[in-house]
Amino acid sequence: MKLLNLLNEILQETGDITNIKTYVTTPKTYDTSYKDSEVNSVYFTTDSKTRYYIILDKTDDKQDNNWTITVSFAAKPAGSTKFDVNAVVNKGELYKVMATVIKEVLKELEESQKKGQHIAQILIKPSKNFKEDTRRANLYIVYLEKNMPTGSKVTHSADKEEIRVQLPNN
């Protein structure tokens, strides 16, 4: 069964989360102690016992109720004592991990809309293992382009230090 699941994930087009079962996440914790920001965090554990921590830091630009979500996440491999944004896990769980992260971002967009908050943009600053490392950025760009709401525009800095998703005005 594991081999069949892995084969199905590999056969999925990179970035397509349609048929990928995501990991179960913990209930979100909200820090809403500031009027202009909210920090939401989610944990999940993979089949290989790697623990992931997703942080969605949402700030109001103080103009027209436009908000920005800054997304970051880190892994704590089994046996490790701390979370690391640069951790390279390589346990064959990449597609399911990315689908889980994207699912949480989309949930946050939906919850923000229910609160009357317009998310104007999403920012991600991919970690790098060396100066010219763009592997994570390239992966994130593919996932964002395929899964953000229709009309979104994904751009990045020349060095791919920052990825920006401009969301449509709805």
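None of the figures in this text is laboratory data; all of them are computed from the coordinates on show. Given the structure is predicted, the values throughout are model-derived calculations rather than measurements. When we count neighbours, we look across all protein chains shown, and the Cβ atoms used for this are built from the backbone with ideal geometry, even at glycine.
Extent along the principal axes, Cα only, for the chain: 49, 34, 31 Å, with the longest axis given first. If R0 is 22 Å, the Cβ-Cβ spacing of Glu110 and Asp159 corresponds to a FRET efficiency of close to 0.10. As a rough footprinting exposure proxy, the listed residues Arg51, Arg135 were ranked by other beta carbons within 10 Å of their own, and the order from fewest upward is Arg135, Arg51. Taking a cut-off of 22 Å between Cα atoms, list the lysines near Lys107, but don't count ones fewer than 8 places away on the same chain. Counting by Cα, and skipping residues close in sequence, Lys107 has these lysines nearby: Lys21, Lys28, Lys35, Lys58, Lys96, Lys115, Lys125, Lys146, Lys153.
Positive end of the dipole of the chain (Cβ unit charges, origin at the Cα centre): among Pro77, Tyr43, Ala158, the Cα lying farthest that way belongs to Pro77. Cross-link partners of Lys49 among aspartates and glutamates, defined as those whose alpha carbon lies under 18 angstrom from its own and excluding same-chain residues fewer than eight positions apart: Asp84, Glu93.
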